[in-house]
Amino acid sequence: MKAQLIDVGLSGSKSIHIKKVDEFFLDSPFHFHHLCELVWVEKSSGKRIVGDNIDNFEDGDLVLMGPQLPHIWQNDELFYRKKKGNRVKATVIYFPPDLPLNLTDEQNILNPVLELIRRASRGLVFYGATSQKVSKILSAISGEEGLTKIINFLEVIDILSHSMEYRQLASISFKNLYEEKDTDRITKVYQFLMQNFYRDINLQEVADLCNMTPNAFCRFFKSRTQKSFTQFLNELRIGHACKLIQNEAYSVADVCYESGYNNLANFNKFFKLITGITPSKYRKKLELVNLVASH
């Protein structure tokens, strides 16, 4: 399985490239590159894979990734209907990891930023007040010119480097074992699974996407992702279940079947294996968190 190495067209160690996304849906392949990448999703929802982490994303998602970290964002099905009002809006900033070294040699300024970039090698998702502050800056940054744009970018980096409101994404043991030649294969597999996880999936149909036998595909998939195909699919399904279970309109049984499981016993087993608690306890935990937040 191979992520695609993408040349974003930047040169030099002082370049900052800001891209505004306004599309019906995200269509970048599973890829990586030599720059740091900050992604703020103003409006969109779906699933993202960063390294070996599988997670949901929604409006306000704020993620920083270091160089050579493979990633892909996949929208929910409703965005592919191309209906007015359902458009993806996002801001993406690319910058070289050594950019801070070219701006100052003061260690008290450099150290927090260099530590931020080190942590970003696994991907960081920010939340809370940090996300709110940064979102406000990024919502206006693309329309700015010259020094103002640079100052605001540095303010964002300063906020992120001093924040404790983050969660690392890829596991500490993750290594980028992807090769450019496998890009098409892995993109097809990831997109297929993220679009079809809710139904029964036959290993043969996934292997056929890569023109491999099932056994060869399983070896190929695990050698690149560091996870078995079954483990990956269960993590994708349980991640979706964690999203659905926040909606009280869904019973635990509804969540089970909507997430691709045919019986509650299997669903409960894998849910607890992946999250550490049962679906019912997970829901009660969320209710408690929401209750505390409302007071």
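The values are calculated or read from the model by the stated rules, or taken from the named source; none is laboratory data. Just so you know, these numbers come straight off a predicted model, no measurement behind them. Don't worry about glycine lacking a Cβ; one is built from the backbone with ideal geometry, like all the others, and counts go over all protein chains shown. Protein only, heavy atoms only, side chains kept; ligands, DNA and RNA dropped before computing areas. Shrake-Rupley method; radii C 1.70, N 1.55, O 1.52, S 1.80 Å.
A quick yes/no check of all residues on (1) open to solvent by 50 Å² or more (accessible area, probe 1.4 Å); (2) part of a helix (DSSP H, G or I); (3) on the phi < 0 side of the Ramachandran plot:
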residue	(1), (2), (3)
131	no, yes, yes
134	no, yes, yes
137	no, yes, yes
149	yes, yes, yes
155	yes, yes, yes
159	no, yes, yes
172	yes, no, yes
175	yes, no, yes
The lone condition residue 119 fails out of (1) modelled with pLDDT of 95 or more; (2) open to solvent by 40 Å² or more (accessible area, probe 1.4 Å); (3) basic (Lys, Arg); (4) out of contact with any helix residue (DSSP H, G or I) (no Cβ under 6 Å at 6 or more places or on another chain) is (2)
Quick one: what pairs do we get from the range 176-201, first residue touching a residue at least 40 places away in the same chain (Cβ under 8 Å), second open to solvent by 80 Å² or more (accessible area, probe 1.4 Å), C-beta under 7 Å, 6+ apart or different chains? 198/258
Pairs with Cβ under 7 Å, 6+ apart, first in the range 249-266 and farther than 14 Å from residue 201 by Cα, second part of a helix (DSSP H, G or I) and of a type in the set (Gly, Ala, Ser): 252/280; 255/241; 264/253
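Let's see how each residue does on (1) assigned to a loop (DSSP other than H, G, I, E, B); (2) touching an Asp or Glu at 6+ places or on another chain (Cβ under 9 Å); (3) under 15 Å from residue 170 (Cα atoms):
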| residue | (1), (2), (3) |
| --- | --- |
| 48 | no, yes, yes |
| 69 | yes, yes, yes |
| 78 | no, no, no |
| 84 | yes, no, no |
| 89 | no, yes, no |
| 92 | no, yes, no |
Single residue of the range 275-295 satisfying the filter (farther than 24 Å from residue 128 by Cβ and touching a residue at least 12 places away in the same chain (Cβ under 8 Å)) that is nearest to the chain's Cα centre (by Cα): 279
Residue set 179, 165; condition at pLDDT 85 or above, open to solvent by 10 Å² or more (accessible area, probe 1.4 Å) and of a type in the set (Asp, Glu); output residue 165
Check the range 229-243 and report whether any residue there is closer than 30 Å to residue 32 by Cα, part of a loop (DSSP other than H, G, I, E, B) and either in contact with a strand residue (DSSP E or B) (Cβ under 6 Å, 6 or more places away or on another chain) or of a type outside the set (Val, Ile, Thr) (or both). no
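To keep it simple, each residue is scored yes or no on (1) at pLDDT below 95; (2) in contact with a Phe, Trp or Tyr (Cβ under 9 Å, 6 or more places away or on another chain).
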residue	(1), (2)
10	yes, yes
26	yes, yes
34	yes, no
63	no, yes
68	yes, yes
81	yes, yes
86	yes, yes
